[in-house]
Amino acid sequence: MNDRFHYDALVDDALRSVVRSVLTQVAEKGLPGSHHFYISFRSTDPGVELPEYLRAKYPEEMTIVLQHQYWDLIIGDTTFEVTVSFNKQQERIKVPFAALSAFVDPSVRFGLQFDRRDKAAGDKPDGTAAAPTPLPAPEKRPPLPASTGEEAKPETGTTTAEAEAKPEDAASKVVKLDSFRKK
C-alpha cells in the first residue's frame with residue numbers, strides 16, 4: 001500500500017516543531033526550574049555548522065547540553081544557533097531541526113527520538129516507510145542520548161557520566177516514531 005500522505009514525515013515534522021517551540025520559549029525566557037536538555041544531532045547533515053575539530057571528534061553524531069553554560073540561543077524557522085562551552089572554550093554551532101536525532105529533558109523524564117535519516121540519505125526507492133522497530137523493555141533501554149562521554153558538558157556540575165547514571169529516567173518517555181509507522 002502506498003502512503004500518499006506520508007504520515008511518517010508529517011509526524012516527524014510535528015515532533016520537531018515541539019523542540020522548536022520549547023527552544024523558542026527558552027530563548028525568550030530562559031530555562032525554568034531544573035529543566036535542561038540533551039540535544040543530539042547528526043553532525044554531517046547539510047546545514048550543520050560547527051568547528052572542524054568538533055566535526056572530526058564527532059563524525060556522525062554529537063550531543064550538546066543546554067543547562068548552565070550556553071549563550072545567545074537563536075531560533076529560526078528551520079535551524080537553531082547557540083554558543084556552548086567545550087572544554088572551557090566557547091563555540092558557536094548551528095543545527096537544522098532536520099538534523100536532530102534526539103531531544104531529552106531529564107528533569108521531567110521526557111524525550112523524543114528521531115529516526116528519519118531519509119532527509120540525509122535520500123528516500124527509499126519504493127517510497128515505503130521503514131519497518132517499525134519496537135522499543136526495548138524499560139529495564140533494558142539504552143541511555144539517551146547516545147553519548148561518547150565527551151560532549152559539551154556544563155562546567156558547573158552535571159557531567160555526561162552523571163546523566164548516564166539514570167538512563168531509565170531520561171528514556172522512560174521517549175517517543176520513537178517507528179512505533180507508529182505501518183509496514
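The values are calculated or read from the model by the stated rules, or taken from the named source; none is laboratory data. As the structure is a prediction and not an experimental result, all values here were calculated from the model. Every residue, glycine among them, receives a Cβ derived from its backbone with ideal geometry; neighbour counts consider all protein chains shown.
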- When both residues are 6+ apart or on different chains and their Cβ atoms are under 6 Å apart, which pairs have a first residue that lies in region 45-69 and is closer than 16 Å to residue 87 by Cβ and modelled with pLDDT of 90 or more, and a second that is not small (Gly, Ala, Ser) and not in a loop (DSSP other than H, G, I, E, B)? 50/93; 51/91; 63/38; 64/39; 64/84; 65/38
- Message: Looking at (1) outside any strand (DSSP E or B); (2) surrounded by fewer than 16 Cβ atoms within 10 Å (Cβ to Cβ), which one does residue 26 not meet, given that it meets all the others?
- Response: (2)
- Message: Looking at region 34-82 only, could you name the residues that are part of a strand (DSSP E or B) and polar (S, T, N, Q)?
- Response: 40, 63, 79
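Would you point out which residue out of 15, 31 is assigned to a loop (DSSP other than H, G, I, E, B), in contact (Cβ under 8 Å) with a residue 12 or more places away in the chain, aliphatic (A, V, I, L, M) and over 16 Å from residue 79 (Cβ atoms)? Reasoning before the result, please.
Working: 15 fails: assigned to a loop (DSSP other than H, G, I, E, B).
Answer to the selection: 31.
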